[in-house]
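Heads up, the thing below is written out as structure tokens.
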Amino acid sequence: MKTIHQIGIIVCFLLGISQIGNAQEREHKTLLSSYLRGWEYSMKAGFSIGGTSPLPLPQEIRSIDKYTPGIAISIEGNATKWFDEQRKWGMTVGIRLENKSMNTEATVKNYGMKIINTNGGELKGLWTGGVKTKVRNSYLTIPVLANYRINDRWKVVAGPYFSYLTEGNFSGHVYEGHLRTPNETGSRVDFTGESIATYDFSDNLRKFQWGIQAGGEWKAFKHLTVHADLTWGLNDIFEKNFDTVSFAMYPIYLNIGFGYAF
């Protein structure tokens, strides 16, 4: 009888521990569910088209003769917190890996330039003639966006973004023109026919950039979304002390792509 009594005590003890464990598990699940309530997560991929340009076009740029968008791909992860049960208003924070790319050809007059001669020497002055530019910049970007859901399928977003330049290329060459150095009344160096001179301002690109982003998203299926976002840089892509190019240049790009909402 004593043994049976001891076994009963042990069984009751084990059952008590089991009940406590189950209660703690339910509490943890409730806390996790409460924490995750109102949150939404998504992954996005897309491509961008646009350019890096002064606004408005300065008098030094007489015409844009050719524009070709480059391969510009973005991959992004987002977390959205909705502030109401209807999920009308929310805030998104994300992290995006993106490229911004373009090729242009322009005719300019008295355009600030620092060229590299065929012998490796540098000449700085004012260029009049043709300029071909290649931009290939890669960024790590953090968007912070307000959300407004119009209906079950449509929502719009807007807010600032902050970018860090991970790899930059702003280079090209000049052709069919002349360079006045050090100013418009200085000595003249001519480039005609197949004669060109290269330039490279990649080391003068600003590391930290910021701007505004605005766009919309359409829910095509339960988890599949389609989006379009315009990003507009608000600070010059070049460092503050860089004075070869005498005007500020801003990246302006439209990103179009699709996403998966978890």
Worksheet item: What is the residue count in segment 80-132 for residues that are farther than 30 Å from W39 by Cβ, under 24 Å from the mean Cα position of the chain (by Cα) and of a type in the set (A, V, I, L, M)?
Response: 1
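Can you name every residue in segment 49-79 that is outside any strand (DSSP E or B) and within 24 Å of the chain's Cα centre (by Cα)? First the steps, then the outcome.
Here is the first cut: in segment 49-79, the ones outside any strand (DSSP E or B) are 54-60, 70-72.
The answer is P54, L55, P56, L57, G70, I71, A72.
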Discussion item. Pull out all pairs, ordered by first then second residue, where Cβ-Cβ is under 8 Å, the residues are six or more apart or on different chains, the first lies in segment 45-59 and is assigned by TED's automatic domain parsing to the domain that holds R96, and the second is of a type in the set (K, R).
Written reply: S48/K100; G50/K100; T52/K100; Q59/K109
Worksheet item: What pairs come up if the first residue lies in segment 122-143 and is of a type in the set (G, A, S), the second is surrounded by fewer than 21 Cβ atoms within 10 Å (Cβ to Cβ) and not in a strand (DSSP E or B), and their beta carbons are under 6 Å apart, counting only those six or more places apart or on different chains?
Response: G125/P182
Worksheet item: From the list S202, S246, which residue is in the same structural domain as V93 (by TED's automatic domain parsing) and modelled with pLDDT of 90 or more?
Response: S202
Response to the item:
Within segment 222-248, of all residues that are within 16 Å of the chain's Cα centre (by Cα) and in a loop (DSSP other than H, G, I, E, B), the one surrounded by the fewest Cβ atoms within 10 Å (Cβ to Cβ) is L234
Discussion item. Can you list the strands (runs of 3 or more DSSP E) lying wholly within segment 133-215 that have 1 or more residues being under 23 Å from N235 (Cα atoms) and within 18 Å of the chain's Cα centre (by Cα)?
Written reply: 154-167, 170-181
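The values are calculated or read from the model by the stated rules, or taken from the named source; none is laboratory data. Please read these numbers as outputs of a predicted model, since none were measured by experiment. When we count neighbours, we look across all protein chains shown, and the Cβ atoms used for this are built from the backbone with ideal geometry, even at glycine.
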